[in-house]
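What follows is a set of notes on a single structure, which appears directly below.
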Amino acid sequence: QVQLVESGGGLVQPGGSLRLSCVASRSIFSMYAMGWFRQAPGKQRELVATITKGDSTNYGDSVKGRFTISRDNAKNTVYLQMNSLNAEDTAVYYCNCVTDYLRVTYWGQGTQVTVSS
């Protein structure tokens, strides 16, 4: 079992920045991958960004060039730096991880991000 706890969400004005954090209950060093997804009201959950054990990253088209995913293995934490936020980024952001063994996926409870003036 892995517990994931997200933090850092909130209300931000258009053009602003936020950094989300996701702390795992155990070491993330050997995780196959970790990532961020988001779900806006009435929409399906979508990929925001992922980072693999080898530090390869992948981003959703709508966030490329604005968001950056990173990991700190010593702190068991994955970050999502979000810049140039706009109203379309408003959603609940979820952290997930995929274990290396058996490829089991775990999800956090989510953190709300609202972009509004």
Legend entry - Test set (1) of a type in the set (Phe, Trp, Tyr); (2) within 21 Å of residue 116 (Cβ to Cβ); (3) loosely packed, with under 15 Cβ neighbours inside 10 Å - residue 93 fails condition number: (3)
Legend entry - Filtered residue count, region 26-47, keeping only those that are within 17 Å of residue 111 (Cβ to Cβ) and either open to solvent by less than 70 Å² (accessible area, probe 1.4 Å) or among the hydrophobic types (A, V, I, L, M, F, W, C) (or both): 8
Inset, instruction - May I ask you to list the residues in region 97-110 that are surrounded by fewer than 21 Cβ atoms within 10 Å (Cβ to Cβ) and part of a strand (DSSP E or B)? - result: 98, 105, 106, 107
Inset, instruction - Please specify each residue of region 54-84 satisfying the condition of being part of a helix (DSSP H, G or I), open to solvent by 60 Å² or more (accessible area, probe 1.4 Å) and under 21 Å from residue 107 (Cβ atoms). - result: 75
Legend entry - region 64-87: number of residues that are touching a residue at least 40 places away in the same chain (Cβ under 8 Å) and of a type outside the set (S, T, N, Q): 8
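The values are calculated or read from the model by the stated rules, or taken from the named source; none is laboratory data. These figures come from a predicted structure and were not determined experimentally. Counting neighbours? That spans all protein chains shown, and the Cβs are built from the backbone with ideal geometry, glycine included. Heads up: the accessible areas ignore ligands, DNA and RNA and are worked out on the full protein's heavy atoms, side chains in. Shrake-Rupley method; radii C 1.70, N 1.55, O 1.52, S 1.80 Å.
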